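> Before anything else, here's the structure in question.
The values are calculated or read from the model by the stated rules, or taken from the named source; none is laboratory data. These numbers come from a predicted model, not from an experiment. Because the Cβ atoms are built from the backbone with ideal geometry, glycine has one as well, and the counts that use them run over all protein chains shown.
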Amino acid sequence: MAYLIALDDGHGMETPGKRTPYINSLGRSIKENEFNRAVVSFLDEELQRSGFNTLLVAPTDVDTSLATRTNQANRAGADAYISVHYNAFDGSFEGSNPSGIELYVYPGHLNREAGMLAKSIANYLKKGTPQEFRGIKEANFHVLRETAMIAVLTENGFMDHPDEALLMIDPEFQKEVAMEHAKGICDYFDVAYVPENGGNEWYIGRRVESIFQGDLRFYNQPSWADSAVAGYLQYGYGFPTILDRVIVEGSPQYKVENSQGAVYYVTANETYVRVV
């Protein structure tokens, strides 16, 4: 039986105050729900593709009450509740505004199942677009308190940080955040994550080889750290099988397998490698 995940795109499109300061380059403010709704839509697709059932607890642009949202999830017997948000500090671009990602669970649940789910999602959020990771915290939010299932609320950036505000309407960032949530949820429930096109990306199963005139590092884990270097590739040498493509600290790597079945990671940057 498939797990049921309740998805909550925090706030409504016209909720007062839930928007960035005025952005001169756009000629407008960005509403928080522009980001929340897009991510939940992508996340809905990601989870269904991976075999989950989903419940959208606020399926319209109207600011559905918190009680209505949590009551729906409780009645449906959801297995987890995910609420997607974008943070704010003081509503102004002036001064030194905070930035970054933080996740919330109900007080006392940091080391319980909700905390484990939050950590699983955080593991992937930290690997995406470079942002400060502000940690997993506890809060007495309605959607964490009144849900009968494990619940996590994510804050995926700050609306009043000039750089992170613009990320809100970047489709690639929205998709990335959704994918990172989905992979974390899959890991927690021990469900295989199914990429777009069912894993049939054009590079899957193909050979990747170095086109770099020098020593190209490859790694024993998804990392760019010196301590993770497993070896070096010379020009024209590579790996016979690409297994996946992952984002590591904002840059892509191929997950690869050698002829003996050992798994490594190598840059997917077309400046350094080609797929043949």
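> Name the residue that is surrounded by the most Cβ atoms within 10 Å (Cβ to Cβ), counting only residues in segment 1-17 that are free of Cβ contacts under 8 Å to residues at least 60 places away in the same chain and under 20 Å from PHE141 (Cβ atoms).
GLY12
> Suppose the filter is within 24 Å of ASN24 (Cβ to Cβ), in the same structural domain as GLU34 (by TED's automatic domain parsing) and buried (at least 22 other Cβ atoms within 10 Å of the Cβ); does TYR86 pass it?
yes
Okay, residues lined up against (1) in a helix (DSSP H, G or I); (2) within 13 Å of LYS119 (Cα to Cα); (3) of a type in the set (Phe, Trp, Tyr); (4) in contact with a Phe, Trp or Tyr (Cβ under 6 Å, 6 or more places away or on another chain):
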residue	(1), (2), (3), (4)
ILE136	no, yes, no, no
ALA148	no, no, no, no
ALA151	no, yes, no, yes
THR154	no, yes, no, no
LEU166	yes, no, no, no
GLU172	yes, no, no, no
GLU176	yes, no, no, no
MET179	yes, no, no, no
LYS183	yes, yes, no, yes
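> Given the condition of a type in the set (Phe, Trp, Tyr) and not in a loop (DSSP other than H, G, I, E, B), answer yes or no: does some residue in segment 15-24 qualify?
no
> Consider only pairs whose beta carbons are under 7 Å apart and that are at least six residues apart or on different chains; among these, list those whose first residue lies in segment 107-136 and is more than 11 Å from GLY184 (Cα to Cα) and whose second residue is of a type in the set (Lys, Arg).
As it stands, the answer is PHE133/LYS126; ILE136/LYS119, since those pairs meet every condition given.
> Also, quick follow-up: Does any residue of segment 99-107 turn out to be in contact with a Ser or Thr (Cβ under 8 Å, 6 or more places away or on another chain), assigned to a loop (DSSP other than H, G, I, E, B) and not β-branched (Val, Ile, Thr)?
No: segment 99-107 contains no residue that is in contact with a Ser or Thr (Cβ under 8 Å, 6 or more places away or on another chain), assigned to a loop (DSSP other than H, G, I, E, B) and not β-branched (Val, Ile, Thr).
> Follow-up. Take the residues in segment 220-262 that are closer than 21 Å to TYR193 by Cβ and among the hydroxyl-bearing types (Ser, Thr, Tyr), then tell me which one is surrounded by the fewest Cβ atoms within 10 Å (Cβ to Cβ).
Here the residue is SER251.
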